Amino acid sequence: MTLTPFTPAPRAFVPGAPLPGPRPLVAPAPPLPTQADISREIAARSAAAERDRAAGAPVPAHPARDYTPYRSSTPRHPQRPPVEIDHLADPEAVELTGPAFGVTDVTDLDADLTRQHPGEPLGERITVTGRVLDRTGRPVRGQLVEIWQANASGRYAHQRDQHPAPLDPNFTGVGRCLTDDQGRYTFTTIRPGAYPWRNHDNAWRPAHIHFSLFGTAFTQRLITQMYFPGDPLFPYDPILQSVTDPAARARLVAAYDHELSRPERTLGYRWDIVLDGPSATWTEEGH
Amino acid sequence: MPRATTDPAGTDRPTAAPEPDPAAAPDPAGTPAAPLPPTPSQTIGPFYGYALPFRGGEQIAPAGRPGTIVLHGRVRDGDGAPVPDALLEFWQAGPDGSLTGAPGSLRRDPVTGAVIGRHGLDFTGFGRVPTDADGRYVLHTLPATAPAGHPGAAPYLAVCVFARGLLHHLFTRVYFPEHAEAHAADPLLSRLPDDRARTLLAHPDGPDRYRFDVQLQQTADGTHEETVFLAFR
């Protein structure tokens, strides 16, 4: 057997042409949009929403699912409108009821995110409390509230978070509790940091805590994010700005409440939550 | 109650009118004059994986219970690509048609606090499954049953879909081919054209095994029909 020595084919050098080399297996990613691009798109969507409000259109309480400034929404939103189910016309719908949770589903330590490890986490300790209500103002009692968040330096305890900020061995950032008889929840945690993401160039998420909530009906299911008052990143963030009504957006921002601060221990924030969607009890009462 | 109604950077205008204060709402029996404005939804994002999924979340059927079915499928986006960071939740009537559910989905170890799975006696009716790297989910549950108050209804599983990129969750339903007669009278299926209703039907693909895919958006080439999603009023 004769071995043929490997001789690379001669390449002509063309000024301005891509450097010779192996063809990349994956096409290079297109350049990220700039913050100015995203801010322009946010402004256009806000202006359109304002025109709709001025024309008397109903104000959307939730983000549109096709909110282009949040780039990940582009391939992941349905193009057809949802099919409406009227709870009065279909009072037997399974979704008008929902799962139940109880004391076996949580432990006391779950609501204090600063006590889940041997040492104290770094950062500013905070108390976050509020009430969970349905749209008729009734407290949602004994239901599960789950939270997750980045640590004080803006890093999640998740391997996909590659933000080069330190992990905190004394902070995971996961909590759960059940609402009490007044619909109240309370967590002790640390204030999360802002963090960068790759929606666009120089994109930063304002500090936030993710909340997951159950109502008395599956229709009332909600996952959302709580923000901190006065964050200078608000106008730059397409996720918060996807809520185009300023009053609705303000409902995502907690209020500092000195009465909730604990001496020598935590700063207090109040955030009340109203769950959308009909329930079986609405049907009984003819709402 | 003070609320941040203006943006310090000046891009937000002050709200036109003070919002109703939920904490001041009549409690518990009274009803406010107008419904309270709801808290807006925000995306689940990419990092819920260490917070929401729990051991046994995909195991609604009590362990070893005869008649357990497997429901599986993929979540895909409008490019036909699998969605590896979706979270699916399921809610269904109990085998006796009850709609009260039961605690114990996330039962905890009293010593370590870790989630130790369900005890295998109660049917909680609730399941939670994250999609894997291939966009797949697998659920083990009991066949869907009609609510006790409406035994002739077409049984289905209620589904709630969350995902990074989805700013507001999506509701859909899984119906099963065994109940074709009831489907004709179902208030939802009966008003959908056949090609749309089909997206809500699970396909048998083995003994006690069904496939149900979730297509978040119609693909441009039309090969994947967008799933019917629901809004409740």
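For the reader, a short list of remarks on this structure follows.
- Accessible surface of B:Asp132 - all protein chains present, 1.4 Å probe, nearest 10 Å²: 70 Å²
- Sulfur and carbon atoms: percent of accessible area, chain B [1.4 Å]: 56 percent
- Amide hydrogen proximity for A:Val83: with H placed 1.01 Å from N in the peptide plane, the residues at 5 or more positions away or on another chain lying under 5 Å are B:Phe229, B:Leu230, B:Ala231.
- DSSP beta bridge pairing in the protein assembly as shown, given as percent antiparallel to the nearest 5: 75 percent
- When the charge dipole of the stretch A:76-154 is built from unit charges on Cβ atoms (+1 for Lys and Arg, -1 for Asp and Glu) and taken about the Cα centre, the candidate among A:Asn151, A:Val132, A:His87 whose Cα reaches farthest toward its positive end is A:Asn151.
- Spherically averaged projected area of the convex hull of Cα atoms, chain A: 26.6 nm².
- Of all the options A:Phe218, A:Phe234, A:Phe187, the one that moves most in a Gaussian network model of chain A with Cα springs shorter than 10 angstrom is A:Phe218.
- Per-residue SASA remark: A:Ile209, around 0 Å² accessible (1.4 Å probe; ligands, DNA and RNA not included).
- Within the stretch B:84-127, the residues that become at least 30 Å² less accessible when every protein chain is included than when their own chain is isolated (1.4 Å probe; DNA, RNA and ligands ignored) are B:Glu89, B:Trp91, B:Leu99, B:Pro103, B:Leu106, B:Arg108, B:Phe126.
- Cα gyration tensor shape of the protein assembly as shown, rounded if a/c is under 1.5, else prolate or oblate by comparing a/b with b/c: rounded
- Among residues other than A:Ser72 with Cβ under 15 Å from its Cβ, the summed charge is +2 (Lys and Arg +1, Asp and Glu -1).
- Heavy-atom accessible area ranking, 1.4 Å probe, most first, across A:His117, A:His77, B:His203: B:His203, A:His117, A:His77
- Result for chain B in a Gaussian network model with C-alpha springs under 10 Å: among B:Pro143, B:Pro207, B:Pro103, the largest mean-square fluctuation is at B:Pro207.
- In this structure, the amide hydrogen of B:His224, modeled 1.01 Å from its nitrogen in the peptide plane, lies closer than 5 angstrom to those of B:Thr219, counting only residues at least 5 positions away or on a different chain.
- For the stretch B:61-206, the relative contact order comes to 26 percent (Cα pairs under 8 Å, sequence separation of at least 6).
- Rounded accessible area per residue of the stretch B:156-233, 1.4 Å, Å²: 40 Å²
- Annotation for the B:A interface, with buried accessible surface near 8700 Å², both sides summed [1.4 Å probe; non-protein components not counted].
- Cleavage-rule hits, trypsin sites (Lys or Arg not before Pro), the stretch A:119-209, DSSP coil, Cβ neighbours within 10 Å at most 11: A:Arg160, A:Arg198
- Listed residues A:Thr189, B:Thr112 arranged by accessible area, highest first, probe 1.4 Å: B:Thr112, A:Thr189
- Summing charges over neighbours of B:Val214, with a neighbour being any other residue whose Cβ is under 13 Å away from its Cβ, gives +1 when K and R count +1 and D and E count -1.
- Prolate/oblate/rounded label for the stretch B:194-233 (Cα gyration tensor, a/c 1.5): oblate
- Estimated D of chain B in µm² per second, where Rh is the Kirkwood radius over Cα pairs and Stokes-Einstein applies at 37 °C, 0.692 mPa s: 163 µm²/s
- Normalised by the number of residues in chain A, the mean separation of alpha-carbon contacts (under 8 Å, six or more apart) gives a relative contact order of 23 percent.
- Per-residue [θ]222 nm for chain A (sum of -39500 (n - 2.57) over DSSP H runs n ≥ 4, rounded to 500): -3500 deg cm²/dmol
- Heavy-atom accessible area ranking, 1.4 Å probe, most first, across B:Glu178, A:Glu146, B:Glu58, A:Glu264: A:Glu264, B:Glu178, B:Glu58, A:Glu146
- Using θ = phi - 60° and Karplus 6.51 cos²θ - 1.76 cosθ + 1.60, couplings along the stretch A:78-88 (whole Hz; Gly, Pro as x): x, 9, 8, x, x, 7, 7, 10, 8, 5, 7
- Scattering curve values for the stretch B:127-205, log₁₀ I(q)/I(0), Debye with Cα scatterers, q = 0.17, 0.21, 0.27 Å⁻¹: -0.80, -1.11, -1.41
The values are calculated or read from the model by the stated rules, or taken from the named source; none is laboratory data. Please read these numbers as outputs of a predicted model, since none were measured by experiment. Neighbour counts run over all protein chains shown; Cβ positions are idealised from the backbone, glycine included. For accessibility, only protein heavy atoms count, side chains too; no ligands or nucleic acids. Shrake-Rupley method; radii C 1.70, N 1.55, O 1.52, S 1.80 Å.
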